[in-house]
Structure formats: C-alpha cells, structure tokens
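Everything below concerns the one structure shown next.
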Amino acid sequence: MKDFIWGVATAAGQIEGSILEDGRKLSIWDAFSKIPGNITNGDTTEIACDSYKKWKEDVKLIKDLGVNSYRYSISWSRVLPDGKGQVNQKGLDYYKRLTDTLVDNGVKPNITLYHWDLPYELHRLGGWLNRDIADWFADYAELIFKEIPNAEFFSTHNEPIATFVGYAWKGFAPGFGLEEYGRQANHNLLLSHGKAVERFRASGNKAQIGIVVDVWNRVPLDKDSPEDVELAKEQNALAHGNYLAPIFLGKYEDRLLKHLEKNNIELKMGENDMKIISAPLDFYGLNCYNRTVVSATEKNPLSALRKNGGNFLQNGNEYYPDAIYDAVKIVRKDYGVNVPIYVTENGVGFRNEIEKDGVIIDDERIKYLKGSFAALEKINAEGGNVKGYYLWSLLDNFEWTAGYSTCFGIHTRDRKPKKSAIFYKDWIEKHR
C-alpha cells in the first residue's frame, strides 16, 4: 500500500506518570484511580510507564520498529494545570521536545488533544456539564496549534463515548451515574470539537485535523429475529451514531432523539450548535477492536455464539478479523464520511503473557494483527481509502479501570519487546 502510514499509539494518561511534577495538576483519572474499588488491583496513574521521564526511550523504540508515525496525546493539565489561564511552560516544552525529536527522526507526529484526562480543576467547575467548557477546550486547542506547528495530524477528541460512560454509567472518570448527564456532556464535548476546528482553521497551522470515534458494530445474534435486529440498530445509533451523525450529517439520528424523548432527557443546545459541530474535517480516525454481538433474549450473547461454533481467542474475546472492514463500510455508507480514514487504534489485550528466552510469546496477538491487516487490504481494494494504521499499543500501560492487569502493548512497561513487536517490524519492512 503506497504512501500508507504504519504507526503505534499511546495516550498521556496511560503512559506518562509524574502526575504532580513540573507544575502539572491532577486530571479526573488521577483522582478517580485513587478511589478504592475503581481500578483493578488498586492501580493508579502515578508512575504508569514513566514516559514523562523516559520519553527518549520511547522514541528509540518507535524508530527501531520502523513505523513512520506516532500517535500520542497531550495532558491538558500538564500544559494548563487549571484547565485555563496560566500556561505551564515546562509542560508545554515537554510536548514540543517530543514532537521535535519525532520529526528529527523521520516520524510523523499525530497529536490527540483530549484522551479522557480532563483537568480536575475544570471538573470542579462542572466539567463537561458546563457549556463554557467548549470555549475552554478551544482556547487550549488554539494554544497547541500555535505552539506546535510541526505536527502532521491533530485529533480533537479520542473516543468521546468514554465521557458518556463516565457521566452516565459510573464506569469511567468522573464516576457519575445519570444518563441525562452523559447525554449533555456528550453534546458539550461535540461543541468543543467544532469550536476547536474553527480555531485550527484560523491558526494557520499546516497539519490536518480530525476526530477519533470508535466503532464497535452491534450485530444481532439471530439475524432472523426482528427484536435482535432492531436492538442492534438502536445500540449503534446510541453509540458511534451519537457522534458520527452530528459531525458528518449535522444532526442527531432519529433513534437517538426518540430515546431521549422516551427517557425525558432534554439537551440544552444553542441554535448554531450543529453547524459548529459539523465543521468539515480533513480526516476521520477510526478506533476499531472488534464487533459486539447483541440479543434481545440471551443474557450472554457471546456464550450463545460460542455454542453455535463461534471463533474465539484465548482471552475469551470473539476473533472477528473483519471488524475493520465492516466499520469502514458503515461509516462510508451510513454517515457519509467522505474524507480519508486512518485506523487510529487496533489491537488486543491479554493477561498472564508468558516470557521465554527474554521474549514474550504472544502468538494470539500476531494472529489478531494478521486478520486486521487482511481486512485493511480487502477494504482498500474496494476503494475504502484507509490511509494508515496505528497499533495499540507501543507499551503495556494503564488500561483505565483494568489498571495494569490487561496488556495491549507490543512491549512491556519496562520496554522489553514481545514477539509481536518483531512481527510488526518485519511486516512494515515488507509492506511499506
């Protein structure tokens, strides 16, 4: 695939650590991880992969892999400890050094502005429930656009559904549990995205700008069941459709609006919000790991699928290598996405990986990656216009509520290569 980008991805809140060093203040995930019972094994963000101090080692790993792009995020509270106002120059300089070093090593910087780690000081002001946050985020984004002129890509947000989970289901930070909170936080976040795009266009920055929305396509367990089919359609509308429709179609889907009406949820919206939210983008970032099987009657659809002869990995996840192929089809056809697509995250997590002769033997990860690469080739052969692929992740890291118990990296936290790192390096050399 000519001019194709092969990359790896990480996120600040998952790898940096040093959560109170050099002027940085807490994020909502730093605070959330301190509450007993929130994170597996009581893990916290304090050290993570220590990448704030070991970033040069990370760059060496990236260069040795042979990838030509690195996707990473900026910790908002490291640059603006209060979320707004006074700039923390030491924090800003960290990202400028990292970006400059990547460029010097021939690696295209792909920067995510928000990967879930809201400054705690903004949380104290209402967080994503406060409409003013759209302007606070745009101010922060404008600062980065001006101070880091040599990135190749900027994404405003990564997987905004995580904000919904944190405000509606208690599953993520900040740990609220009202759906109306989740829906309003969603809308305010989308507005912040649109306003950041406006600032980008006015900034003169020569990079490309987009957003990253994950697609876990819901499919009916029983394709002949009208109830299963409708459930899958509704859940898709409430998940990725909640973001893709406003951004690319300029409206919320009818299924979502009916759901809001049924649950007496009224969104507080401005007259021009949808126009701002649907500002044209340069690319779309697709995070895609798997599909999700749903059933209106079966409590555990995956167990039912297993009984029917489904294909599964050792970690219990369904092995469905066409997930990327299906997702690209969906966003092109159902949401009118007509810009280049980059697969900004794809990977698989395991526990208890076994080391032999100094290398982690993760053959099932290699199997998974081969399936994903085959799906990429298939969709591009049909005109899918997927321009790049970023493997999640460069390192085992703080996997949110799973802590360090689940390993997605092709290197360990102490930067030992796994068999998959060797495989990925060889794959890139053969397919660049």
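The values are calculated or read from the model by the stated rules, or taken from the named source; none is laboratory data. Here the structure is a predicted model, which is why all the values come from computation and not from measurement. Cβ atoms come from the backbone with ideal geometry, glycine included; neighbour counts cover every protein chain shown. The area values use the complete protein model at the heavy-atom level, side chains included, leaving out ligands, DNA and RNA. Shrake-Rupley method; radii C 1.70, N 1.55, O 1.52, S 1.80 Å.
Checking the conditions here, which among Leu281, Leu305 is surrounded by 15 or more Cβ atoms within 10 Å (Cβ to Cβ), in contact with a strand residue (DSSP E or B) (Cβ under 9 Å, 6 or more places away or on another chain) and part of a loop (DSSP other than H, G, I, E, B)?
Numbers: Leu305 fails: part of a loop (DSSP other than H, G, I, E, B).
Being surrounded by 15 or more Cβ atoms within 10 Å (Cβ to Cβ), in contact with a strand residue (DSSP E or B) (Cβ under 9 Å, 6 or more places away or on another chain) and part of a loop (DSSP other than H, G, I, E, B) holds for just one of Leu281, Leu305, which is Leu281.
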Matching residues, segment 219-246, being touching a strand residue (DSSP E or B) at 6+ places or on another chain (Cβ under 7 Å), of a type outside the set (Asp, Glu), over 18 Å from Gly182 (Cβ atoms) and touching a residue at least 40 places away in the same chain (Cβ under 8 Å): Val219, Pro220, Leu221, Leu231, Ala232
Every residue from segment 356-386 that is assigned to a helix (DSSP H, G or I) and touching an Asp or Glu at 6+ places or on another chain (Cβ under 7 Å): Ala375
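Without any contact (Cβ under 8 Å) to a residue 40 or more places away in the chain, open to solvent by 10 Å² or more (accessible area, probe 1.4 Å) and aliphatic (A, V, I, L, M): is that true of Leu20 in this structure? If you could, list the steps in order and put the result at the bottom.
Numbers: without any contact (Cβ under 8 Å) to a residue 40 or more places away in the chain: yes; open to solvent by 10 Å² or more (accessible area, probe 1.4 Å): yes; aliphatic (A, V, I, L, M): yes.
Yes, satisfied.
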Residue selected from segment 198-229 under the condition open to solvent by 60 Å² or more (accessible area, probe 1.4 Å), of a type outside the set (D, E, K, R) and part of a helix (DSSP H, G or I), by the criterion farthest from Leu305 (Cα to Cα): Ala202
Subset of segment 310-353 that is at pLDDT 95 or above and acidic (Asp, Glu) - its residue that is most open to solvent (accessible area, probe 1.4 Å): Asp334
Enumeration of residues in segment 230-246 that are over 21 Å from Lys307 (Cα atoms), part of a helix (DSSP H, G or I) and open to solvent by less than 10 Å² (accessible area, probe 1.4 Å): Ala237, Gly241, Asn242, Tyr243, Leu244, Ala245, Pro246
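Give the residues of segment 177-190 that are open to solvent by less than 10 Å² (accessible area, probe 1.4 Å) and either touching a Lys or Arg at 6+ places or on another chain (Cβ under 8 Å) or without any contact (Cβ under 8 Å) to a residue 12 or more places away in the chain (or both), sorted by residue number. Step through it out loud before you land on a result.
Our first condition is that a residue be open to solvent by less than 10 Å² (accessible area, probe 1.4 Å); within segment 177-190, this holds for 182, 185-190.
Within segment 177-190, His187, Asn188 meet the criteria.
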Output for segment 284-302, where each listed residue is open to solvent by 30 Å² or more (accessible area, probe 1.4 Å), touching a Pro at 6+ places or on another chain (Cβ under 9 Å) and in a loop (DSSP other than H, G, I, E, B): Ala296
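Name the residues in segment 379-391 that are hydrophobic (A, V, I, L, M, F, W, C) and open to solvent by less than 10 Å² (accessible area, probe 1.4 Å), would you?
Taking segment 379-391 and keeping what is hydrophobic (A, V, I, L, M, F, W, C), we get 379, 381, 386, 391.
Correct list: Ile379, Val386, Leu391.
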Residues satisfying the stated conditions in segment 354-378, i.e. of a type in the set (A, V, I, L, M, F, W, C), exposed (fewer than 15 other Cβ atoms within 10 Å of the Cβ) and within 26 Å of Asp3 (Cα to Cα): Ala374
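Look through Ser51, Ser33, Ser18 and report the one residue that is out of contact with any Leu (no Cβ under 7 Å at 6 or more places or on another chain) and at positive phi.
Ser18
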Neighbours by Cβ (under 9 Å, 6+ apart or cross-chain): first from segment 191-215, closer than 25 Å to Tyr252 by Cα; second open to solvent by 10 Å² or more (accessible area, probe 1.4 Å) and among the aromatic types (Phe, Trp, Tyr): Ser192/Trp136; Gly210/Tyr342; Val212/Tyr342; Asp214/Tyr289
Cβ-Cβ under 9 Å pairs, at least 6 apart or on other chains, segment 50-75 side more than 22 Å from Lys90 (Cα to Cα), far side aromatic (Phe, Trp, Tyr) and part of a helix (DSSP H, G or I): Leu65/Tyr424; Gly66/Tyr424; Val67/Tyr424
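When you scan segment 5-104 for helices (runs of 4 or more DSSP H) that lie fully inside it, which ones turn up with 1 or more residues that are acidic (Asp, Glu) and over 24 Å from Ile209 (Cα atoms)?
Values: elements: 12-15, 28-33, 51-65, 76-79, 89-104.
Answer list for segment 5-104: 28-33, 51-65.
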Matching option when the condition is aliphatic (A, V, I, L, M) and either open to solvent by 10 Å² or more (accessible area, probe 1.4 Å) or modelled with pLDDT under 95 (or both), among Val79, Val87: Val87
Those residues of segment 90-105 which are out of contact with any helix residue (DSSP H, G or I) (no Cβ under 8 Å at 6 or more places or on another chain) and either open to solvent by less than 10 Å² (accessible area, probe 1.4 Å) or small (Gly, Ala, Ser) (or both), in sequence order: Thr99
Checklist (1) touching a residue at least 40 places away in the same chain (Cβ under 8 Å); (2) open to solvent by less than 70 Å² (accessible area, probe 1.4 Å); (3) touching a helix residue (DSSP H, G or I) at 6+ places or on another chain (Cβ under 9 Å) applied to Gly409, failing item: (1)
Condition broken by Asn264, with the remaining ones in (1) over 22 Å from Arg365 (Cβ atoms); (2) touching a Gly at 6+ places or on another chain (Cβ under 6 Å) satisfied: (2)
